[in-house]
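Visitor: Here's a structure for you.
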Amino acid sequence: EMIAEARRRLQDAAHRANRQPDRFPLIFAMPVLIHEDLRVARERARRRCFAWLQMPSRAFWLRHAGLDLPKVERPEDIPVETLGKVCDAIGLFGPAERCLEQLQQMAQSGVDHIFCLSPALFEMPEDIVRAFGQVIMPRFK
C-alpha cells in the first residue's frame, strides 16, 4: 500500500540520519475536487490523473497503491475504471461524504496530516471550504 511504503521510507531516512522517526509526521498533499456526482468529479480530474501517469516518480507511488498502469498518450485514453482508481489513490474527488470516508481511512492507515490542493489557483475554493466546514470536519473522527 502507498501509505505503508511512504511510512517505511520516512522511517528508513530518519534512521540513516540518526533521527527519531516518530518526530516526522506523515503528510500527504492531495488534490481536492468536491462535486455531488462522483463521475463528474473524476472526469474533471482526468488531466491531473494523466499527469500522474506520465511522471515516473508519481507512477512509482501509483504502483505501490496496487494499480496496473496503462500506457496512455492523451488524458481521454485513460479507461474509466483506471481513472477511478487513480483518483482514489491521489486525491479526494467526489461528494463530501465520500471524501470524509477517504480521509478517515487515511488517518486509520497512519497519515498524520493532509495538505489539500485546490484546483482554483487564484480564487477562494468556496465549494471545498463549504464541504470541509459543513460536512467533513464536523464528522471527522
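Visitor: When only DSSP loop residues count, what GluC sites (Glu not before Pro) in region 1-86 have their Cβ near at most 13 other Cβ atoms within 10 Å?
Guide: Glu1, Glu36, Glu73
Visitor: Can you list the chymotrypsin sites (Phe, Trp or Tyr not before Pro) in region 103-141 that are in a DSSP coil and have 12 or fewer other beta carbons within 10 angstrom? Please report the intermediate quantities before stating the final value.
Guide: Values: sites: Phe115, Phe122, Phe132, Phe140; in loops: Phe122, Phe140.
Taking region 103-141 and a limit of 12 other Cβ atoms within 10 Å, the loop chymotrypsin sites (Phe, Trp or Tyr not before Pro) found are Phe122, Phe140.
Visitor: Just to check I understand the Karplus step: with θ = phi - 60° and J = 6.51 cos²θ - 1.76 cosθ + 1.60, what whole-Hz values come out for region 20-25, glycine and proline as x?
Guide: Once rounded to whole Hz, the list reads 7, x, 6, 8, 10, x.
Visitor: Right, here's the next one. Could you work out the helix-only [θ] at 222 nm for the chain, with each DSSP H run of four or more residues adding -39,500 (n - 2.57) and the total divided by the number of residues, to the nearest 500 deg cm²/dmol? Before the final figure, lay out the partial values.
Guide: On the way: 7 runs with 70 residues, N = 141.
After summing the helix terms and dividing by the residues of the chain, the value is -14500 deg cm²/dmol.
Visitor: Related question: Label points 7 Å out from Cα along the Cβ direction at Ala4 and Ala17: separation in nm?
Guide: It is 2.5 nm.
Visitor: Ignoring ligands, DNA and RNA, what percent of the 1.4 Å accessible area of the chain is carbon and sulfur?
Guide: 51 percent
Visitor: Now for a separate question. Would you kindly calculate the mean projected area, averaged across all directions, of the convex hull enclosing the Cα atoms of the chain, in square nanometres? Let's see the in-between values first.
Guide: Numbers: hull surface 37.5 nm².
For the Cα atoms of the chain, the hull's average projected area reads 9.4 nm².
Visitor: Another question, then. For region 29-108, what is the per residue volume of the convex hull drawn over the alpha-carbon atoms, in cubic angstrom? Mind dumping the intermediate values first?
Guide: Details: hull volume 6.8 nm³, N = 80.
For region 29-108, the hull spanned by Cα atoms encloses 85 Å³ per residue.
Visitor: Under a Cβ-Cβ cut-off of 12 Å, what is the net charge of the residues other than Ala6 that fall near it, where Lys and Arg count +1 and Asp and Glu count -1? Don't skip to the answer; put the middle values down first.
Guide: Details: positive: Arg7, Arg8, Arg9; negative: Glu1, Glu5, Asp12, Asp112.
Charge balance in the 12 Å sphere: -1.
Visitor: Rg and Dmax of region 87-141 over Cα atoms: what are they, in angstrom?
Guide: 11.3, 33
Visitor: Can I ask one more? When ligands, DNA and RNA are left out and all protein chains stay put, how many square angstrom of accessible area per residue does the chain have with a 1.4 Å probe? Mind dumping the intermediate values first?
Guide: Details: 8970 Å² over 141 residues.
The answer is 64 Å² per residue.
Visitor: Given Cα pairs under 8 Å that are at least 6 residues apart, what percent is the relative contact order of region 54-132?
Guide: Values: 21 pairs, mean separation 14.9, N = 79.
Contact order relative to length: 19 percent.
Visitor: Please list the non-local residues whose amide H lies under 5 Å from the amide H of Leu33, H modeled 1.01 Å from N, same-chain partners needing a gap of 5 or more.
Guide: Leu92, Phe93, Gly94
Visitor: Now for a different question. For the chain, calculate the relative contact order in percent as a whole number, restricting contacts to Cα pairs under 8 Å that are 6 or more residues apart. Write out the running numbers ahead of the final one.
Guide: Working: 157 pairs, mean separation 52.5, N = 141.
In percent, rounded to a whole number, it is 37.
The values are calculated or read from the model by the stated rules, or taken from the named source; none is laboratory data. These numbers were taken from a predicted model, which means no experiment stands behind them. Cβ coordinates were reconstructed from backbone atoms using ideal geometry, including for glycine residues, and neighbour counts include every protein chain displayed. Just so you know, the surface numbers come from the protein's heavy atoms only, side chains and all, with ligands and any DNA or RNA stripped out. Shrake-Rupley method; radii C 1.70, N 1.55, O 1.52, S 1.80 Å.
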